[in-house]
1. Residues that are modelled with pLDDT under 95: find the helices (runs of 4 or more DSSP H) completely inside region 98-166 holding 1 or more of those.
2. Would you please list the contacts, defined by Cβ atoms under 9 Å and residues six or more apart or on different chains, that run from a residue in region 1-25 that is more than 23 Å from ALA110 (Cα to Cα) and assigned by TED's automatic domain parsing to the domain that holds ALA148 to a residue that is part of a strand (DSSP E or B) and hydroxyl-bearing (Ser, Thr, Tyr)?
3. Just one of (1) within 16 Å of the ligand (Cβ to nearest atom); (2) at pLDDT 95 or above; (3) surrounded by fewer than 19 Cβ atoms within 10 Å (Cβ to Cβ); (4) assigned to a loop (DSSP other than H, G, I, E, B) trips up ASP25, so point out which.
4. Show the residue pairs that are 6+ apart or on different chains and have beta-carbon atoms under 8 Å apart, the first residue being within region 58-83 and within 14 Å of GLY104 (Cβ to Cβ), the second being among the acidic types (Asp, Glu).
5. Tally up the residues in region 50-75 that are part of a loop (DSSP other than H, G, I, E, B) and either hydrophobic (A, V, I, L, M, F, W, C) or at pLDDT 95 or above (or both), please.
6. For region 39-73, which positions are hydrophobic (A, V, I, L, M, F, W, C) and under 26 Å from THR287 (Cα atoms)?
7. Just wondering, is there one or more residues in region 119-142 that are more than 16 Å from the ligand (Cβ to nearest atom) and either under 21 Å from GLY255 (Cβ atoms) or among the β-branched types (Val, Ile, Thr) (or both)?
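The values are calculated or read from the model by the stated rules, or taken from the named source; none is laboratory data. Since we're looking at a predicted model, the values are computed, not measured. Cβ: placed from backbone, ideal geometry, glycine included. Neighbour counts: every protein chain shown.
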Amino acid sequence: MPQPLATRAPAKINLTLHVLGRRADGYHDLVSLVAFAGTGDDLRLDPGPVLALQVAGPTAPQAGSEADNLVLKASRLLAERIAGLKAGTFHLTKRLPVAAGIGGGSSDAAAALRLLARLNDLPLSHSALHEAARLTGADVPVCLEPRARIMRGAGEELGLPLNLPRLFAVLVNPRVPVETPAVFKALGLQPGQDLRGTVHPDLAGASSGSLLSSLKAARNDLEAPAMSLQPVIGEALDLMRQTENCRLARMSGSGATVFGLYDHCEAAAAAAKRIQSKRPHWWVKATSLR
Ligand code: C5P
């Protein structure tokens with residue numbers, strides 16, 4: 001019997017997210033600098049005759065039914081494209097909050113595709129993997145090879161991997177789920193509407209200092225609509241900004257998770273401790289970024 005295979009499904013952080021307009025198909029055209037955290041879910045694949053999934057871990061109760069999980073959706077989409085695809089039983093350890101703007105489900109689906117690629121000797125560049133990723137969800141392609149990069153379109157256009165300067169982050173989720181379609185809807189754009197004049201700073205190749213000033217000049221356009229639906233996001237941002245040495249505080253994706261950036265690991269750890277002591281029931285995590 002082949003050995004089990006395992007991979008981390010890291011949290012995806014949108015360091016910037018500019019909405020450029022709404023397409024005729026209803027999706028929004030974006031430009032976003034995406035990075036990945038050290039923290040995440042864990043996925044194991046026990047090779048076997050049937051495709052199956054078992055979910056455990058602290059946030060498993062919020063993850064919904066296993067049948068609806070994106071791990072199975074992505075795997076089935078790949079099986080439809082690769083004749084005789086070898087699969088097995090996935091064991092997902094769910095730690096990330098669900099419907100949280102940090103791509104938990106998308107990263108899990110991408111991790112499943114990585115494990116299936118390994119089991120079946122498929123290169124990660126294989127078009128079937130990218131097609132299965134795209135059809136699973138807008139954020140899945142960027143999670144396939146979790147390296148910082150610029151993402152455009154509805155997530156299907158990916159830039160080359162970027163070497164970000166060393167940065168540390170605190171992630172805070174006030175434990176309110178946010179549905180992505182509701183946030184995009186609250187933006188209020190009509191199909192075909194173009195946000196002319198939207199600019200996104202050039203973030204490739206920036207050093208730590210210049211990256212931070214570029215990030216400060218950017219924004220997350222979904223922050224205001226998400227806050228209109230869940231005002232507690234504003235409270236999380238305020239608490240983050242009040243921590244010592246916080247260089248930038250912003251929401252990720254469609255929320256509700258917010259991140260703070262710090263130059264040093266100790267500063268991030270101290271900030272996480274302080275926020276957790278003020279809001280014991282929130283999900284708070286200090287982590288690295290890459
Ligand atoms: O592709 P995914 O299922 O993750 O997207 C969820 C929803 O978020 C879409 O149905 C759409 O309403 C919205 N969305 C969007 N523009 C994007 C990504 C997502 O309008 N670029």
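1. Working: elements: 104-119, 127-136, 140-144.
Once the helices (runs of 4 or more DSSP H) in region 98-166 are filtered for at least 1 residues that are modelled with pLDDT under 95, what remains is 104-119.
2. HIS18/SER32
3. Only one criterion in (1) within 16 Å of the ligand (Cβ to nearest atom); (2) at pLDDT 95 or above; (3) surrounded by fewer than 19 Cβ atoms within 10 Å (Cβ to Cβ); (4) assigned to a loop (DSSP other than H, G, I, E, B) is unmet by ASP25, namely (2).
4. Partner pairs satisfying both residue conditions: ASN69/ASP108; LEU70/ASP108; VAL71/ASP108.
5. The initial filter retains those residues of region 50-75 that are part of a loop (DSSP other than H, G, I, E, B), namely 50-51, 57-59, 63-65, 69.
Of the ones still in play, those that are also either hydrophobic (A, V, I, L, M, F, W, C) or at pLDDT 95 or above (or both) are 50-51, 57-59, 63, 69.
The qualifying residues number 7.
6. At the first step, the residues of region 39-73 found to be hydrophobic (A, V, I, L, M, F, W, C) are 43, 45, 50-53, 55-56, 60, 63, 67, 70-72.
Of everything in region 39-73, those that are hydrophobic (A, V, I, L, M, F, W, C) and under 26 Å from THR287 (Cα atoms) turn out to be LEU43, LEU45, VAL55, ALA56, ALA60, ALA63, LEU70, VAL71.
7. Taking region 119-142 and keeping what is more than 16 Å from the ligand (Cβ to nearest atom), we get 119-129.
Next cut, either under 21 Å from GLY255 (Cβ atoms) or among the β-branched types (Val, Ile, Thr) (or both) only: none.
So far as region 119-142 goes, no, none of its residues is more than 16 Å from the ligand (Cβ to nearest atom) and either under 21 Å from GLY255 (Cβ atoms) or among the β-branched types (Val, Ile, Thr) (or both).
This table checks each residue for (1) within 16 Å of the ligand (Cβ to nearest atom); (2) in a strand (DSSP E or B); (3) modelled with pLDDT under 95; (4) touching a strand residue (DSSP E or B) at 6+ places or on another chain (Cβ under 8 Å).
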| residue | (1), (2), (3), (4) |
| --- | --- |
| ALA9 | yes, yes, no, yes |
| LEU20 | yes, yes, yes, yes |
| SER32 | yes, yes, no, yes |
| ASP42 | no, yes, no, yes |
| LEU77 | yes, no, no, no |
| GLY88 | no, yes, no, yes |
